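Following: one structure in structure tokens, then a few remarks.
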Amino acid sequence: MKKILAFALLFIMLLIISCKPSFENWVVVYDKKDYDLIQYDEQTDVIWLSNNFAKEILSLHLEETKVNPTRKQKVYIPNEASLTTFCILNDVLWVIADNELFKYSLSSNTWEEFGLIDIDSFLRCKVLSQGQILFTGTTDNEYVNVIYQQKHNPIYINLPYEPYDIAQDLSNQLWFITTENGIWKLDNNNQWILWKPINGERLFFTTDILWVAKDGLLYYSQMGNNINLEVVDNLVYDLTLSVYQSEDGRIWIVTQSGIWEFDNGAIKKIPQPKHIGHINIQHGFNSTTNTLFVSTENGIYAVTLK
């Protein structure tokens, strides 16, 4: 009888262990929270972190597993300026600080003030496809986008309203969303066209799906003329940070509370370690492989999407 009870107890323990979620896909990349902004360069597998207090930008060069940094490099912001934002393209670090645009060459380790773009007040920069960078700001009190490509003159495109978020769809079309004046897209003549009178705070694209984040809710709709937004259940009052599509076609939603897999309207939360469960995720960004990087108050994690 005792042997039977012992075997039964052992079986129950093995069952519990087998049912326990595995957190091997959550790996610490950087265990500090001493940064303000974070960017990831897919071409070079480098994570860039800015520390405005220390006036520096730190790069973490990842190994092939995209987890362990093999090298770290610090770049100090020129003139001890206060950083607004930064982005990386083609071995060049673009920095907006104290309303000026600076360009840092990673190959020659030199700074230069970049005066070829006529914007009075810079708001953001964003890396586009086809080797382009989008700068958004104001000129003569009007909102303007400037598309810059190294071998061509900058393209200036005025905006009819203040953009709350700017996104690029999978066909490289530019869009922006406002909180009061709808969603706009750029046509082939570089003219903005009101697409739908739908307001929101964030705009994302995956294959044939448009996503709108607004007031703690996430909506989605199949692309087409008859737009019909549906709310993603179970994400009420959860701030959506990003929506990504992995190489295998699956869709992943990164919110402050965790990572969710989206499948035909239903979502499933990815198990995460307990010490992350009560910490707000602050950033989410993807790599070219099935890996998501998330930034929390405890540092940066690489999450393998299984």
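Here are the numbers:
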read-out: Percentage relative contact order, the range 224-264, counting C-alpha pairs under 8 Å, at least six apart; value: 27
read-out: The chain shape via C-alpha gyration tensor axes, a/c threshold 1.5; value: oblate
read-out: Extension gain from Glu80 to Asp208, taking 0.36 nm per residue of separation minus the Cα-Cα distance; value: 41.6 nm
read-out: Student exercise, the range 67-191 dipole from Lys, Arg, Asp, Glu Cβ charges, in Debye to nearest 20; value: 720
read-out: Cβ charges +1 (Lys, Arg) and -1 (Asp, Glu), total dipole of the chain, debye; value: 1480
read-out: Whether the range 190-271 is rounded, prolate or oblate, judged on the alpha carbon gyration tensor where a/c under 1.5 counts as rounded; value: prolate
read-out: Between 0 and 90°, nearest 10: helix 2-19 axis offset from the chain longest Cα axis; value: 10
read-out: Under 14 Å from the Cα of Lys32 - aspartates and glutamates, other chains or at least 8 residues apart; value: Glu297
read-out: Calculated [θ] (222 nm, deg cm²/dmol) that DSSP helices of n ≥ 4 give over the chain, each run adding -39,500 (n - 2.57); value: -2000 deg cm²/dmol
read-out: From phi via Karplus (6.51, -1.76, 1.60), per-residue ³J(HN,Hα) for the range 296-303 in Hz, x at Gly/Pro; value: 10, 5, 9, x, 10, 10, 9, 10
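Quick note: the coordinates plus some simple rules give every number you see, no bench work behind them. Note that the coordinates shown come from a computational prediction; the quantities given were computed from them, not determined experimentally. Heads up, the Cβs are rebuilt from the backbone with ideal geometry, glycines too, and the neighbour counts pull from every protein chain shown.
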